[in-house]
Amino acid sequence: MRHIFSIPGGCAAFICIVFLQTMHASDPAGALHWTSEVDSWFVNKKSPWLMPGSRNSTFTLDGKQAVLSLTNGGLAIVDLRDQMVRTVIDFSLILGHDGAEPDSIAVSPLGLIAAAFPNRHEVLLIDQKKMRVLERIKTSFIPMGLRFSPLGKFLFMGEQRDKHAWSSIYSIQKREYLLSRITPMVCDISRDDRYIYLYDETKNSLRWILTDTLQTVRDCNLSAIAPVGEPHTIKVLRDHRIAMGFLGSLVISDRYLERVVLTHIAPENAGAVSFIEPSHDNRFLIFGSRGSLSVLSLVNNLSEPLSIPAGAGSVSTYPNGNYILYTDQASGSARIMRITIPSRYGD
């Protein structure tokens, strides 16, 4: 459909025509807005997005699918737009027994899926397209938490689910451990996978460690910018700022740890902030601890409790919009809910 305007200057008129034509083509229904895969579900189905029989869940990085750990021992890749199940792998065949339900799963930008299982000292690396096991990573502990680095070069493994403290960091390319400690490490990695930011409790400092040589290139004392106490979690945000969770508060510094850009007091009785998950556009983040999560606006420093069932876990933010995916352990289902960012005006 063409729209002609009487605007002085042919260039401006041409831009308006092309803009409306493009908008119309991208949205045949004529609603004049672009929709993500999750938007399409809620607009077309007009019903909650949930998948029963799920134990753990996470989004794929392109925002088109969800990877679900199933209660029957399988792993499924599901389209977000229509809940069509694309691929399933049966872990009972791989591990040789029934009840092989992954405790934790993670998706890599390199096309890998990592899966950890109860009472097993190993992590499986799976080819996402072929759905076959590429590697079995042996561990000295039973892994409960998994996360890939931003570029997928490293796999973080922890002994606790929904807590960002890690026992080991594994190099995917070299097929060897980069760092491993008995006491879980409070650490994170830069967006380019070049530096590890590791908390040193003996100095109350944050060490910058090169991932290729393990050389410490910088040691930043936290006493000048952080409250009293040690951080329980560290998270590098998508704009390279560094978020740190403490007992009863959350602090965000610039990328060089030279100044604090935001301090937020956690809700009363919230305890230690051990979980931080930023949104795709850094407008908000989910923070807190398991069973007590809140959503914080990074625009106005306001927060509200996150209305999800008690005991819900595997919380992840959507790559293409203001949604989260979580697993309701009580009902055994994966659910997607829209996030309303806290505002002073209630809108």
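Here are the numbers for the structure shown:
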{"read-out": "Net length gained if the chain between Lys45 and Asn269 were fully extended (0.36 nm per residue, minus Cα distance)", "value": "76.8 nm"}
{"read-out": "Mean Cα-pair separation over length for the chain, i.e. relative contact order, pairs under 8 Å, 6 or more apart, %", "value": "11 percent"}
{"read-out": "Spatially near lysine pairs across the chain, Cα under 17 Å, sequence gap of 8 or more or different chains", "value": "5"}
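No lab work stands behind these numbers, since they all come straight from the coordinates. Note that the structure is a prediction, hence the values are computed from the model and not measured.
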